[in-house]
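Data block below; observations after.
The values are calculated or read from the model by the stated rules, or taken from the named source; none is laboratory data. Everything numeric here is computed off the predicted structure, so don't read it as measured data. Note: ideal-geometry Cβ built from the backbone for every residue, glycine included; neighbour counts use all protein chains shown. Calculation scope for accessible area: heavy atoms of the full protein, side chains included, ligands and nucleic acids excluded. Shrake-Rupley method; radii C 1.70, N 1.55, O 1.52, S 1.80 Å.
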Amino acid sequence: MTIAELTVDHVEALTSFFARMPEGDVTFIKVDVSPEAIATWPDAPGARWVEVDQDGTVQGFVVLYRLSGLSDHVAELRLVVDPDARGRGIGRALAQHAVAYAVRDGLLKVVVEMPAARQRVSEMFLDLGFTGEALLRDHFRDRDGQVQDLIMLAYLVEEAQQSMSAVGMAEVLDEG
């Protein structure tokens, strides 16, 4: 598994990645994932990484968007992994990488939003030291028009420092 900072060299593979993703899997990326938009990402605000297989195929993507103004100590994490590659630790590795970057960059909080029904994903984030921040009932509609709950989890750096080694984050932070 290779995690790389997104560069122009990854744009074509990342465009292919998003083209094969089901619509529901990219909902929480919250940005345009058209080829034209993806082509601008290497120079756009935010920190982005891809997980690239040996053949150059992108299997996962994560982005950190630092908030502005009075919340400039907070970043929003957005993550998507190819459904065919799930269960291999790609999402966990990308999330760890992004959180480690956030800590090194001086951020105090990282938040992630997801459908409450995505229990495996929320468990992964909880295992990484995130905690429950909010439950927004009936907050969005899925592709079938059904209202769904949204959960927000947060990684609070100061509180998590003590438990970093227990979840493998100390080693990831040392890599930077």
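General remarks:
- Hey, Val33 under 28 Å from His139 (Cβ atoms) and not polar (S, T, N, Q) or not: yes
- Test: residue in region 133-142 that is touching a Lys or Arg at 6+ places or on another chain (Cβ under 8 Å) and either modelled with pLDDT of 90 or more or not in a helix (DSSP H, G or I) (or both): no
- Count - residues of region 90-147 that are under 16 Å from the mean Cα position of the chain (by Cα), more than 17 Å from Phe28 (Cα to Cα) and among the aliphatic types (A, V, I, L, M): 9
- Test: residue in region 111-121 that is modelled with pLDDT of 95 or more and under 22 Å from Glu5 (Cβ atoms): yes
- On the stretch given as region 4-14, residues that are within 11 Å of Val58 (Cα to Cα) and open to solvent by 50 Å² or more (accessible area, probe 1.4 Å) total 1.
- Just one of the listed residues (Phe28, Phe17) is open to solvent by less than 50 Å² (accessible area, probe 1.4 Å), under 22 Å from Gln148 (Cβ atoms), part of a helix (DSSP H, G or I) and in contact (Cβ under 8 Å) with a residue 40 or more places away in the chain, and it is Phe28.
- Residue in region 4-32 that is modelled with the highest pLDDT, counting only those that are β-branched (Val, Ile, Thr) and under 13 Å from Leu79 (Cα atoms): Val31
- Among residues of region 143-158 being in contact with a helix residue (DSSP H, G or I) (Cβ under 7 Å, 6 or more places away or on another chain) and at pLDDT 90 or above, the one that is surrounded by the most Cβ atoms within 10 Å (Cβ to Cβ) is Tyr155.
- Among the residues of region 63-99, the ones that are under 21 Å from Glu5 (Cβ atoms), open to solvent by 20 Å² or more (accessible area, probe 1.4 Å) and in contact with a helix residue (DSSP H, G or I) (Cβ under 9 Å, 6 or more places away or on another chain) come to 7 in all.
- Restricting attention to region 112-126, the residues being part of a helix (DSSP H, G or I) and either open to solvent by less than 50 Å² (accessible area, probe 1.4 Å) or over 20 Å from Phe140 (Cα atoms) (or both) number 5.
- Selection count, region 32-52, where residues are under 24 Å from Val99 (Cα atoms), open to solvent by 50 Å² or more (accessible area, probe 1.4 Å) and outside any helix (DSSP H, G or I): 3
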